[in-house]
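A short worksheet on the structure shown next.
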Amino acid sequence: MHHRARSAFIRPLSLIIIIAFWGTACASKAQVLPDSSITPTAAFTATQTPEPTSTPTPAPPTPTASPSPQPTEAPLPLSQYTLAVDFDYDQRAGRVDEQIVYVNASADTLDELRLMVELFAYPGSFALTGLWWDDGAPVENAVWENIQIRFPLRQPLAPGQSVTVRIAYEFRLPSQSSLTGSRPIPIGFTARQANLVDWYPFVPPYRSGKGWLAYPPSFYGEHLVLDLADFEVNLRLTGPENLLVAASAAPAASDPGSGELHYRHERARGFALSIGSDYQSETAQAGGVTVTSYYFTLHDQAGKHALKAAVEALELYEQIFGPYPHDTLAVVQADFLDGMEYDGLFFLSKAFYNLSNGTPADYLVAIAAHETAHQWWYGVVGSDQANEPWMDEALATYSEYLYYEHYYPEALDWWWANRINLDNPRGWVNSSVYNARGAPQSYEDYRSAVYLNGAYFLHDLRQAAGDEAFFAFLKDYTARFAGDIAFSGDFFALLAQHTQADLTPVLDRYFAK
């Protein structure tokens with residue numbers, strides 16, 4: 001999401017324990033912490049993982065490169081995350097035991113592991129109480145580096161092999177009102193909702209020739225890159241009886257009165273939760289997918305409007321791009337002024353609900369189509385969001401156009417005028433979240449270049465290639481890189497297989513060299 005950048009730092013972790021951060025700020029000076037003999041607090045059974053051969057390395061990021069070869073052998077099993085969560089809604093705080101079975105899907109032998117801990121970017125929000133190997137031995141020689149924990153493996157991890165790590169920690173969600181100086185972000189709480197997004201440590205992707213795709217927070221845009229994984233989440237929730245939970249997956253049946261919710265979310269890029277006492281919900285079907293709209297009291301009509309748009313968009317995108325990989329999709333009204341996608345769940349700003357006019361010429365509809373598209377341009381096909389954000393944001397923005405073109409062509413003039421041209425699109429489409437390539441460092445400049453000019457870029461690319469080639473490419477691109485991470489070189493190399501048109505003028509117009 002759009003996080004405020006913080007200074008990089010390195011902090012040693014002496015064996016296991018980190019001092020509690022409730023009410024304290026992150027230090028920028030290295031600090032040695034005391035040793036600890038903490039023992040594991042819960043028993044997990046490590047999953048035995050077979051050791052097949054590694055997946056092929058993606059092609060170099062150059063438009064003339066050949067696309068990544070397709071696997072010819074059985075695919076590797078995915079990494080697995082098992083999380084036991086006790087969450088106190090009134091305190092907006094929780095305690096977690098987490099097990100990660102990490103599978104080395106690269107062609108390289110690894111000698112270290114990294115964990116991304118997004119909550120550590122917010123002072124007072126994260127306290128690590130234990131870090132062990134699967135046999136209970138403490139992880140040694142671990143260090144903090146920005147929002148990462150780095151630690152050496154006890155023995156090299158060859159391609160296809162797995163290693164199990166156990167983590168215990170406590171967290172306290174930051175208050176949205178306390179996040180001054182930055183754009184609104186989903187993680188945190190308000191009086192109406194608590195959003196557990198990017199709330200657990202995870203292993204970032206590793207790619208041969210590129211290393212760890214692990215980046216620090218930025219002032220705007222998304223910096224996290226995620227591999228597909230399998231998730232099992234056991235949530236014990238305490239708080240008011242009228243709490244409603246929106247999640248990336250539907251809960252499995254649980255024992256009556258147990259107070260626990262059990263979730264499985266497979267082949268996903270994360271697991272998100274939004275919990276509140278002011279939610280109402282309505283459900284509709286999009287083929288075999290159950291879509292649920294969660295909205296605040298007095299927003300019934302807008303909540304139904306968002307649900308209709310999400311169902312329409314999902315059905316269209318399945319035709320154009322390919323299958324949606326899950327059984328459910330949650331559409332959640334956000335008590336902050338932004339929208340944000342997660343795998344199986346997305347947020348829509350409360351402002352869109354407040355201003356909804358009930359017609360297709362409506363920001364609530366446009367952004368619902370945008371965030372639904374991210375289930376493909378983020379969920380199905382991953383990308384390096386920090387360095388190449390156009391590969392999900394430009395595609396999601398242009399997917400809005402495809403939605404209007406198919407369902408409501410009479411609203412296309414409104415879309416161009418109010419969604420795109422109102423903010424005077426400008427800037428290089430291939431800007432990163434850290435550098436707007438010569439433009440002033442502001443979210444508006446970033447959005448103008450990556451989202452809005454990105455829509456113009458894809459529209460011009462479509463005109464140059466022709467509809468037949470363009471749509472065949474989109475479907476092939478989705479199928480070819482489903483479950484993987486694509487880079488710009490992969491994108492253009494595959495596109496070159498679908499069209500002989502000279503795309504140089506389009507690239508020169510929108511892409512900085």
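The values are calculated or read from the model by the stated rules, or taken from the named source; none is laboratory data. Predicted model, so just to flag it, every value in this text is computed and none were measured. Counting neighbours? That spans all protein chains shown, and the Cβs are built from the backbone with ideal geometry, glycine included. Side chains included, ligands, DNA and RNA excluded: accessible areas come from the protein's heavy atoms. Shrake-Rupley method; radii C 1.70, N 1.55, O 1.52, S 1.80 Å.
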Dimensionless Rg/Rh of the stretch 227-323, both radii on Cα and Rh by Kirkwood, sits at 1.00
Just need the relative contact order of the stretch 226-295 here, percent rounded to a whole number, with Cα pairs under 8 Å and 6+ apart.
35
Using θ = phi - 60° and the Karplus form 6.51 cos²θ - 1.76 cosθ + 1.60, what ³J(HN,Hα) does each residue of the stretch 495-505 get, whole Hz, x for Gly and Pro?
4, 5, 6, 9, 8, 9, 5, 7, 9, 4, x
Relative contact order (percent, whole number), the stretch 317-449, Cα cutoff 8 Å, 6+ residue spacing:
17
If you stretched the chain out fully between Ser208 and Leu298, how much longer would it get, using 0.36 nm times the residue separation minus the C-alpha to C-alpha distance?
27.3 nm
Partner aspartates and glutamates for Lys210 [C-alpha distance under 16 Å; skip if fewer than 8 residues away on the same chain]
Asp108, Asp111, Glu112, Asp227, Asp384, Glu388, Asp484, Asp490
The answer for Val139, listing residues at least 5 apart or on another chain whose modeled amide H is closer than 5 Å to its amide H, is Leu131, Trp132, Trp133
Can you figure out the FRET efficiency of Asn418 with Glu112, using R₀ = 51 Å and their beta-carbon distance, to the nearest 0.05?
0.55
Residues meeting the amide H criterion for Thr290 (H placed from the backbone, H to H distance under 5 Å, 5 or more places apart or on another chain) are Thr328, Leu329
If I take R0 = 56 Å and measure r between the Cβ atoms of Ser281 and Trp133 in this structure, what FRET efficiency does the formula 1/(1 + (r/R0)^6) give, to the nearest 0.05?
0.85
For the stretch 76-162: accessible area per residue (Å², 1.4 Å)
32
Relative to the present Cα-Cα distance, how much length would full extension add between Asn354 and Arg192 at 0.36 nm per residue of separation?
56.8 nm
Extension gain, Ser442 back to Glu140 (0.36 nm per residue minus Cα-Cα distance, nm):
104.7 nm
Check which residues have an amide H placed less than 5 Å from Ala107's amide H, if you skip close sequence neighbours.
Ser208
Area projected by the alpha carbon convex hull of the stretch 86-203, averaged over all directions, nm²:
8.3
The stretch 373-452: relative contact order in percent, alpha carbon pairs under 8 Å with at least 6 residues between:
33
Carbon/sulfur accessible area of the stretch 391-513, % of total, 1.4 Å probe, equals 49
Using θ = phi - 60° and Karplus 6.51 cos²θ - 1.76 cosθ + 1.60, couplings along the stretch 130-145 (whole Hz; Gly, Pro as x)
x, 8, 9, 7, 5, 8, x, 6, x, 6, 10, 6, 8, 9, 7, 9
Report ³J(HN,Hα) in whole Hz for each residue of the stretch 215-222, in order, from the Karplus equation J = 6.51 cos²θ - 1.76 cosθ + 1.60 where θ = phi - 60°; Gly and Pro get x.
10, x, x, 10, 5, 8, x, 9
